Amino acid sequence: MNTATIWRTVLEHLEHSPIDAVSKTWLQDAQLLNSPAMGEETSTHGQHSGLFLLQVPNDLACDVITKRWQGILEQLLSEILSQPAQLTVISATQAPPSRPRSERGEREVRHQTSAQSAQQTYYDSVSSHTQRTPTQTEFAYASRERLDEWDNEQRTNMLMNNRLNQRYTFDAFIVGNSNRLAHAASLAVAEAPGESYNPLFLYGGVGLGKTHLLHAIGHQGVQTGLAVLYVSSEQFTNEIVNAIRYRTTEEFRAKYRSVDILLVDDIQFIAGKESTEEEFFHTFNSLYEMSKQIVICSDRPPKAIVSLEERLRSRFEWGLIADIQPPDLETRMAILRVKADLLHYHVPDEIISYIAGRVQTNIRELEGCLNRLMAYQQLHRSDLTLDVARAAISSLGNDNRETHLNSQQIAEAVAEYYHISLEAMCGKQRDKYIVMPRQIAMYLIRQETQASLLEIGQLFGGRDHSTVLHACEKIDRTLNINPTLRREIIDIREQLMRS
Ligand SMILES: Nc1ncnc2c1ncn2[C@@H]1O[C@H](COP(=O)(O)OP(=O)(O)OP(=O)(O)O)[C@@H](O)[C@H]1O
């Protein structure tokens, strides 16, 4: 059997293996050669030496095939040839080998290029594969032995200890305009890791659901049998510090490069930590090159993470960046309702609405209020009334911000944002540059206050309730398809929260 036939047979066997699409293409383009060190292809008895070279298209293919497939390929070769086989994977982009004369009739003529000295260097480098200076990509990988160890032992432990919060699922996540994009992107990533948005970068303020979405992606990955690793950047930093200290960077790399989905929380904290950034850079590259999914969370967009290395920042921007903004009143009420139901705690609508009106920017705090209310009510054994809710929340002192926005404040903020006069916005003028801000103001008032359609109409020149309803619905629809409008509304809301 010549090498071309042997390789075809190997590929046929691999047809039945769960092989990823990229590796498959590389293997189909690969070329099996006899190791030149052994001279002719077969001995006089038609026996192979058992030593082969597999030439793959590029350095990356070389790394991945070596790490993932070399063992399997050697096993297949041994079975096909009924003798032990040893394989060295080489990259076609490194100094290419010249083939023994006897083989030159086969597929390859394109690689017969090197001068003798180059060939010698090449063969030397192949035979001392593990001793030569590693390339950048190779450096980023852990050694094959280490990865195998991980595959066999610690990887299982790591996955078993993967502490994903059971409550943080997609089902328990309430979607509103403020987090719609982040939620949709997370869902897409969970359904097809490594295929849609890679990396996915989620950012937003404190307590707005970033970790919740990370865990939700993780749960789905685990359910489909993938290796998921959730880690805070603090944990990543500690691990790398310890790895350097105890000389266990090989294990560290093996661990991080063996995952299918890497979820990293609070990435902003690695900025300025040189070794951590360096290591994360290599981890990122390795996983990305293997089409493994990376999801990163931060309290700010990549551009705003000062002192983050440029090469990392640009990588964070390769995929999709999705923001999570403070939720509007309706979403806050929906979240409270769901949380109360989960606690089997019956809370009347007016109290839900009261709490949602007081805590506007942090869902963790919103949940905290609900818990406080429950504890307070149980302690005082009282009925759940609005007065009790007021007392519960103010008695615990954490919420003395009378944050109720009123219609007037919102109208003023919108007029100011669009540089138009409040009078014009509330008047009869029908110019486009006035009509749009007016509709936005109506929408925001409807979202953030208890004002009725009629009251809003009165504020805007005595318009009737159907006009207000139409405006609110129009803005609601447009928000989902117009990112500029979405951004503008978020800006206005942020200004209102700040003032
Ligand atoms: N849209 C949502 N639906 C339901 N619960 C939510 C939603 N957003 C946030 N939460 C809840 O709010 C709490 C805080 O969320 P989470 O820890 O994910 O916030 P975070 O953005 O990661 O905050 P931090 O920046 O402090 O890490 C969690 O209990 C989470 O379940």
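The values are calculated or read from the model by the stated rules, or taken from the named source; none is laboratory data. For clarity, every value in this text was computed on a predicted model and none was experimentally measured. For neighbour counting, all protein chains shown are included, and Cβ atoms are generated from backbone atoms with ideal geometry for every residue, glycine included. Side chains included, ligands, DNA and RNA excluded: accessible areas come from the protein's heavy atoms. Shrake-Rupley method; radii C 1.70, N 1.55, O 1.52, S 1.80 Å.
Quick rundown of the values:
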quantity	calculated
Cα→Cβ-extended label distance, 7 Å offset, between HIS344 and ARG167, nm	1.6
Surface accessible to a 1.4 Å probe, THR248 within the full protein complex, Å²	50
Förster radius 60 Å - calculated FRET efficiency between SER353 and ILE19, Cβ distance, rounded to 0.05	0.60
FRET efficiency, ALA391 to SER421 (Cβ-Cβ, R0 45 Å, nearest 0.05)	0.60
Relative counts (whole %) of C-alpha pair distances in region 170-323, using bins that are 10 Å wide	11, 44, 35, 9, 1
Average accessible area per residue (Å²) across region 235-312 - probe 1.4 Å, nucleic acids and ligands excluded	40
Difference of contour (0.36 nm per residue) and Cα-Cα distance, ASP464 to ALA192	93.2 nm
Charge dipole (debye, nearest 20) of region 170-323; +1 at Cβ of Lys and Arg, -1 at Cβ of Asp and Glu	60
Rounded, prolate or oblate (a/c below 1.5 giving rounded, otherwise prolate when a/b exceeds b/c) for region 235-322 by Cα gyration tensor	oblate
Surface accessible to a 1.4 Å probe, ASP387 within the full protein complex, Å²	110
Set LYS210/LYS339; LYS67/LYS255; LYS255/LYS339 screened for pairs whose C-alpha atoms are more than 24 Å apart	LYS255/LYS339
Prolate/oblate/rounded call for region 329-395, Cα gyration tensor, a/c under 1.5 rounded	prolate
Separation in nanometres of the label points that stand 7 Å from Cα toward Cβ, at TYR246 and SER452	6.8
For region 407-498: rounded, prolate or oblate by the Cα gyration tensor [a/c cutoff 1.5]	rounded
In Å², nearest 10: area of GLU416 left accessible to a 1.4 Å probe	130
Potential extension, MET374-GLN70 segment - 0.36 nm per residue separation minus Cα distance	103.5 nm
Sequence of ARG487, ARG364 from largest to smallest accessible area, 1.4 Å probe	ARG364, ARG487
For a label point 7 Å along the Cα-to-beta-carbon line of VAL175, residues of region 308-323 with backbone N under 16 Å	322-323
List TRP318, TRP7, ordered by accessible area with a 1.4 Å probe, largest first	TRP318, TRP7
Cα-projected label distance for ASP383 with VAL306, points at 7 Å along beta-carbon direction, nm	5.6
